[in-house]
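Since the structure comes first, as structure tokens, the remarks are kept for the end.
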Amino acid sequence: MRKIGIAVLVSGGGTNLQALIDSIQKGEINGEIVIVISDRENAYALERARKHGIKSVYIHRNNCTENLISELKEANAGLVVLAGFLSILDRELIKAYEGRIINIHPSLIPAFCGKGFYGERVHKAAVEYGVKISGATAHFVDEGTDSGPVILQETVPVYADDTAETLAARVLKVEHRLLPEAVGLFCEGRLRIEGRKVIIAEKEV
């Protein structure tokens with residue numbers, strides 16, 4: 001099976017990017033990261049990419065859509081992964097890569113998601129609400145915010161003495177497993193979207 005070209009969009013340190021790189025190196029993903037793009041010039045994720053010989057590009061968010069599409073096409077990306085990318089994708093880009101954009105979100109969607117829920121804001125809201133479980137969600141991206149079909153979810157406990165920081169650390173460990181698993185399933189051609197549901201096909205023996 002031909003390897004899928006993966007573009008990873010990031011805004012920060014890139015620990016989820018690193019999880020993808022590690023998973024690919026272990027042979028767990030039938031894909032190759034062909035480009036890493038950040039909307040922040042000093043994002044450490046760009047340095048991670050350079051250390052692994054991966055093309056890294058900074059695109060200012062004011063010129064995001066046109067330049068993003070151009071870079072994705074030039075890199076021959078078959079899958080776009082949002083790994084802590086804080087810019088909102090334009091409708092044109094989402095349409096161009098419909099069914100081929102995966103995001104990781106640090107809550108159990110539809111809880112604590114949507115406009116304004118990103119980074120530690122998500123965990124602060126979960127702790128303040130008093131929920132007993134939280135977790136992470138890998139999902140396809142549509143034109144809404146955190147509203148696309150769910151691929152995978154995994155829970156973590158929320159303790160009475162948790163802070164946003166302690167919960168974030170626990171959820172991040174789940175993200176590092178969940179995102180590579182979702183990307184791996186996509187690259188194996190095992191994901192099928194039916195309405196709001198994502199059907200995961202059995203692995204061929």
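The values are calculated or read from the model by the stated rules, or taken from the named source; none is laboratory data. From a predicted model like this one, the values you see are computed outputs, not experimental measurements. Here Cβ is always computed from backbone atoms with ideal geometry, including for glycine, and neighbour counts include all displayed protein chains.
For residues in segment 29-45 being over 16 Å from residue 72 (Cα atoms) and not basic (Lys, Arg), which is surrounded by the most Cβ atoms within 10 Å (Cβ to Cβ)? Please lay out each step first, then the result.
Going residue by residue through segment 29-45, those that are over 16 Å from residue 72 (Cα atoms) are 29-30, 40-45.
Retained after the next criterion (residues that are not basic (Lys, Arg)): 29-30, 41-45.
On the way: 29: 24, 30: 16, 41: 9, 42: 8, 43: 23, 44: 16, 45: 26.
In this case the residue turns out to be 45.
The single condition from (1) in contact with a helix residue (DSSP H, G or I) (Cβ under 6 Å, 6 or more places away or on another chain); (2) touching a residue at least 60 places away in the same chain (Cβ under 8 Å) that residue 152 fails is (2).
Candidates in segment 60-86 are the residues that are among the aliphatic types (A, V, I, L, M) and not in a loop (DSSP other than H, G, I, E, B); of these, the one that is nearest to residue 119 (Cα to Cα) is 82.
Candidates 88, 94, 101: the one that is under 19 Å from residue 40 (Cα atoms) and aliphatic (A, V, I, L, M) is 88. Of all residues assigned to segment 58-76, at least one qualifies as being free of Cβ contacts under 8 Å to residues at least 60 places away in the same chain, touching a His at 6+ places or on another chain (Cβ under 9 Å) and not aliphatic (A, V, I, L, M). Of all the numbered requirements in (1) touching a strand residue (DSSP E or B) at 6+ places or on another chain (Cβ under 9 Å); (2) over 21 Å from residue 176 (Cα atoms), residue 66 misses one, and that requirement is (1). When segment 155-205 is filtered for residues that are without any contact (Cβ under 8 Å) to a residue 40 or more places away in the chain and basic (Lys, Arg), the ones remaining, listed by number, are 170, 173, 190, 192, 203.
So that you can scan it fast, the table gives a plain yes or no per residue for (1) of a type in the set (A, V, I, L, M, F, W, C); (2) modelled with pLDDT of 95 or more; (3) under 17 Å from residue 83 (Cα atoms):
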site	(1), (2), (3)
124	no, yes, no
127	yes, yes, no
141	yes, yes, yes
165	no, yes, no
173	no, yes, yes
188	no, yes, no
191	yes, yes, no
202	no, no, no
